[in-house]
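Nothing in this text is a laboratory measurement; each read-out follows from the coordinates by a stated rule. Just so it is clear, the structure is predicted and the values come from calculations on it, not from any experiment. All Cβ positions, even for glycine, are placed from backbone atoms using ideal geometry, and neighbour counts span all protein chains on display.
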Protein chains: 2
Amino acid sequence: MKIVEVRERTFPIASQIRNAVIDFSKMTLSAVAVVTDVVRDGAPVVGYGFNSNGRYGQGPLLRDRFIPRLMSADSRSLLDESGENLDPGRIWAALMTNEKPGGHGERSVAVGTVDMAVWDAVAKIARKPLFRLLADRYGAAATPRVFVYAAGGYYYPGKGPSALQDEMRRYVERGYTVVKMKIGGAPLEEDLRRIESVLQVVGDGSRLAVDANGKFDLETALAYGRALAPYGLRWYEEAGDPLDYALQAELGHRYEGPVATGENLFSHQDARNLLRYGGMRKDRDILQFDCALSYGLVEYLRTLDVVRSEGWSPRRCIPHGGHQLSLHIAAGLGLGGNESYPDLFQPFGGFPDPVRRPASAPASGDGRARCRRERDRRCVACPIPSWPWSRPPRSISLLPVTASAAGGPRRTRTCRAEPSPRRARYRAACR
Amino acid sequence: MKIVEVRERTFPIASQIRNAVIDFSKMTLSAVAVVTDVVRDGAPVVGYGFNSNGRYGQGPLLRDRFIPRLMSADSRSLLDESGENLDPGRIWAALMTNEKPGGHGERSVAVGTVDMAVWDAVAKIARKPLFRLLADRYGAAATPRVFVYAAGGYYYPGKGPSALQDEMRRYVERGYTVVKMKIGGAPLEEDLRRIESVLQVVGDGSRLAVDANGKFDLETALAYGRALAPYGLRWYEEAGDPLDYALQAELGHRYEGPVATGENLFSHQDARNLLRYGGMRKDRDILQFDCALSYGLVEYLRTLDVVRSEGWSPRRCIPHGGHQLSLHIAAGLGLGGNESYPDLFQPFGGFPDPVRRPASAPASGDGRARCRRERDRRCVACPIPSWPWSRPPRSISLLPVTASAAGGPRRTRTCRAEPSPRRARYRAACR
């Protein structure tokens, strides 16, 4: 078996939203398809990956450096011991050949996107949902129910407290118990009014997290901390520059509530520095390293080793990015949850629409999400525009029809009470 | 005035050499030309920049993200208060619009390369050598004599101790008083034999630095440290991963001689972390941050602020990269020296051939290096394939002839005892 081809395409996920530091007017991401010659259910297995929002698509690096390097490797050197599946670790080593240490940005996104597609292919070839494969491989107990929260609350032209409340109400109505909003893009007083308007919707500070996206200097971070303390928020996220561990430590010293950070640290070395020097507290704080931006799951496994060796529980990890790779990792390796962007960054954001109670949505594995409607509890298979796709929706065309699954790209929303034999196998594997 | 165009091109600097971590078989770099509508000496001013070796060329990021972003900015917003020259800080801010914090790699190289070209243009428009402009602007005392050392000693197929000695002998014969060689790409015993063979040529450990390129874990770093200690080497460079500050601190605790690191830290935040957590010793250790790989001189000025605020002298900075931007910074802002690659990474590496005594080579400013031959002490102007070029050599064609300096690209090696009026002005400015 071998990788026949790796395709990539850059997609716009442009939007008028902004956080405290950037706007998303020209935001892009990369989607990657790893095409194998392994046939499952009558079609070649194709693994798909995409990078999370906020760091730009890496088409150029993929085309110029990483895909040619991967395709020039001896295909046998990329297989596992059985020779019957890909070995993500060996593929990772091939991708990172002749790359110097340090400088973990951009290339970490390119490699992470390929790695996501590789793991998708590996799970499909193994005929297992990825979370189950991970639990089996690494000796963890699979926990198909994963806490997810709704990230939103961006600044938007003309968006007042009422529109912000409407947005949060939609999340709550969909079943989310925790929501997140941006701060730091307005003066403190205005941000406090925004926070209070959201608290009117969600009811309690423990159901609201706030995110400053690394904007604040120490003085501002502490001023916000003093103002936020009375609300008893779920967490206070990325107050200062992600690499300013001294600021983070001082904030943790002064702000009693949980803090969160890590989405802009893109290697296990950077993650280790946060744990060594950032004053993070093992009993309450949240680690948000995002594998799609950080060289993928192969590197995230090293990060989890660091997390454990520094005395932390993986339960304190709730990754950034709102993609299903992290959902699978959470379900398969015992993380504390995952981010979700219910209405943003489409068609790449969010989890399946039919998920009425996201906290009970099991991770998917063969390109479909098995999930339950809150009302009728029917099992439904949801071909949705989230990774992993058995085939991506028509708007995300990466492959000629012949190389894709039989029938080519399509998007359906049908829900069937009676699953196909394939779905039945999948349901069995999910249990 | 305005920037008319920014051109970039990727060049191979491929070679069979290798260090402990990578080989250079597919190494590239980016060269950038910033074309202005300002006329000096009858031709439009063009600033040139290129990125140092070891991190790949960034043509794709430049083309897709940074050059379009810069060219879409209001050209008046990129000028200084006088409106008669470019403002590198404002250009930097335009380049970094909508870039999230953290993730300092790849884009840091793209931005650094543009920034180098911008400063070249600024100096040419101001009719000053850059080092003089920097000294004037930042209140430093210009020191046109800069310590440089010869970096080489790479592993190379079939290269034994005798070839290594020949290489080092060539550097010594050219006047270099300090040379550097690679370690960590062979077993310790073999590296020690290589080191001893070089010491036979250079005579004394204080004239030899060694560089492990971040290869070692702590145990290996300390084992090498114990073996190296008796030689009294100039410095022991990048023993471990550039982000493993704890390893660096432990090494500094156990190895008494000078250590050096920093070339793979690409932001002032990363530099600050090294100084905060890396146990570096202000009385002996060397900081090698390379502005061309690290968002350019605008960011390097922040790094120098960090260096000073952490209680260090800029004299402890000897940048990586062997380019003339760092040579100018060293001469204009009082660094301790600069790296040089006399025979490597051509046509981008090295300083002027006629420099027989590199320690006395003044930095250049208008595309020519004013320097002295050791024997005849004649002033010579050397149009050489190093930045800043008044025009790049023919092999590095970035511009159509019409947009370049009058006469188009050419390469000459003539040395004139009697300088032209322009050279005379330049000599006067260098004094």
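Annotations for the structure displayed:
- From the alpha carbon centroid of the stretch B:110-144 to that of the stretch A:128-167 is 49 Å.
- Converting phi to 3J(HN,Hα) with the Karplus coefficients 6.51, -1.76 and 1.60 and the offset θ = phi - 60°, the stretch A:204-212 yields 8, x, 5, 9, 9, 10, 10, 9, 9 Hz in sequence order, with x at every glycine or proline.
- The dipole here belongs to the stretch B:60-190: it is taken about the Cα centre, uses +1 on the Cβ of Lys and Arg and -1 on the Cβ of Asp and Glu, and is about 200 debye.
- Distance violations [Cα-Cα > 30 Å] among B:Lys2/B:Lys128; A:Lys182/B:Lys2; B:Lys159/B:Lys215; A:Lys180/B:Lys215; A:Lys180/A:Lys282; A:Lys100/B:Lys100: A:Lys182/B:Lys2; A:Lys180/B:Lys215
- Summarising the label geometry, the points placed 7 Å from Cα in the beta-carbon direction at A:Leu218 and B:Lys2 lie 4.4 nm from one another.
- Furthest towards positive pole of dipole, A:Val122, A:Pro68, A:Ser30, structure part the stretch A:1-141, Cβ charges: A:Ser30
- Per residue convex hull volume, Cα atoms of the stretch A:3-126, in Å³: 114 Å³
- Global form of the stretch B:138-368, assessed from the alpha-carbon gyration tensor, a/c cut-off 1.5: oblate
- Integer Hz, Karplus 6.51/-1.76/1.60 couplings in order for the stretch A:23-29, x for Gly and Pro: 9, 10, 5, 10, 5, 9, 8
- Calculated from backbone phi, Karplus (6.51, -1.76, 1.60) coupling profile of the stretch A:81-86 in Hz, x at Gly/Pro: 4, 6, x, 10, 8, 6
- Placing a label point 7 Å from the Cα of A:Asn98 along the Cα-to-Cβ direction, the residues of the stretch B:38-64 with a backbone N closer than 19 Å are B:51-61.
- Scanning residues 5 or more positions from B:Leu29 or on other chains, those with amide H under 5 Å from its amide H are B:Phe11, B:Ile13, B:Gly57, with H placed 1.01 Å from N in the peptide plane.
- A full extension of the chain between A:Asp343 and A:Arg284 corresponds to an added length of 18.4 nm, given 0.36 nm per residue minus the alpha carbon distance.
- Estimated inter-spin distance, B:Lys159 and B:Arg145, nm [label 7 Å along Cα→Cβ]: 3.1 nm
- Note: relative contact order over the stretch A:3-126, using C-alpha pairs below 8 Å and six or more positions apart, is 29 percent.
- Counting every other Cβ atom within 10 Å of each residue's Cβ, A:Asp285, B:Asp115 order from fewest to most as A:Asp285, B:Asp115.
- FRET efficiency, 1/(1 + (r/R0)^6) with R0 60 Å, evaluated for A:Asp41 and A:Ser206 via beta carbons: 0.85
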